1. Mind listing just one residue for me: the one in region 85-105 that is over 30 Å from ASN40 (Cβ atoms) and either open to solvent by 100 Å² or more (accessible area, probe 1.4 Å) or among the polar types (S, T, N, Q) (or both) and, of those, nearest to the chain's Cα centre (by Cα)?
2. What pairs can you find where one residue is in region 29-41 and farther than 14 Å from ILE65 by Cβ and assigned to a helix (DSSP H, G or I), the other is open to solvent by 80 Å² or more (accessible area, probe 1.4 Å) and among the polar types (S, T, N, Q), and their Cβ atoms are less than 7 Å apart, with a gap of 6+ or different chains?
3. Any residue at all in region 26-48 that's modelled with pLDDT of 70 or more, surrounded by 12 or more Cβ atoms within 10 Å (Cβ to Cβ) and over 30 Å from ILE85 (Cβ atoms)?
4. Taking region 58-82 as the region of interest, how many residues are farther than 13 Å from ILE39 by Cα, open to solvent by 100 Å² or more (accessible area, probe 1.4 Å) and of a type in the set (Lys, Arg)?
5. Answer yes or no as to whether ILE87 is out of contact with any helix residue (DSSP H, G or I) (no Cβ under 7 Å at 6 or more places or on another chain), hydrophobic (A, V, I, L, M, F, W, C) and over 16 Å from PHE25 (Cβ atoms).
Amino acid sequence: MALPNFLKKDKKKKNKDGKVQKADFREKCLALLEQIKEINEERYNELLNTFRARYDKMNIQKKKILGFYGQLKNELATLKDQAGIEIKKTTQKVVNHSRVIQSAREKIDKEAKKVKEVVKTVKKTTKKVAKKLEKAAAEGTAKKTAKKTAKKAAKKTAKKAAKKTAKKAAKKTAKKAAKKTAKKKTAKKTATSSAKKKKKKS
């Protein structure tokens with residue numbers, strides 16, 4: 001094989017390898033861009049526009065596309081770090097928020113228990129007061145009825161006693177009057193009879 005033919009074949013092989021390597025790096029860049037898209041879509045759009053404008057060409061130099069590939073790798077690492085920090089911050093916020101919610105729930109539970117206790121005591125007190133009022137009302141009505149019945153009984157007995165005493169007094173006065181009248185009649189009779197006797201004698 002002659003030297004020029006060998007050089008031509010070597011040159012073709014190098015060109016072919018270079019094209020393959022460029023195509024590989026192009027695919028790798030697109031893969032990195034997809035990973036970046038999952039983390040930060042805004043940054044992905046910026047880098048994709050840059051890639052299409054400057055590096056998505058067949059006659060691009062290998063050094064340039066390698067440089068952009070390295071830039072994409074660094075960008076992805078930075079975004080992952082930031083995302084990790086953001087995830088940590090978000091997780092911490094969520095944890096803090098859940099703690100706040102938990103403490104708020106505990107406070108609400110405590111207040112609810114206090115309210116329940118207050119309601120129970122109010123109910124108990126209300127029941128006691130109601131019972132006392134019922135007793136007082138019952139006692140009051142009982143007292144009133146007792147007073148009324150006592151008054152009625154007193155009036156009845158007073159009336160009965162008055163009637164009895166009136167009757168007794170009437171009977172007594174009637175008897176006394178009868179006795180007096182009887183005495184007077186007997187006295188008259190005796191007087192008239194003694195007067196008659198005296199007349200006869202004389």
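The values are calculated or read from the model by the stated rules, or taken from the named source; none is laboratory data. None of these values were measured; they are calculated from a predicted model. Virtual Cβ from ideal backbone geometry, glycine too; neighbours counted across all protein chains shown. In case anyone asks, the SASA skips ligands and DNA or RNA and just uses the protein heavy atoms, side chains included. Shrake-Rupley method; radii C 1.70, N 1.55, O 1.52, S 1.80 Å.
1. ARG105
2. Taking only residues 6 or more apart or on different chains, not a single pair turns up.
3. Looking through region 26-48, at least one residue is modelled with pLDDT of 70 or more, surrounded by 12 or more Cβ atoms within 10 Å (Cβ to Cβ) and over 30 Å from ILE85 (Cβ atoms).
4. 3
5. Yes: the conditions hold for ILE87.
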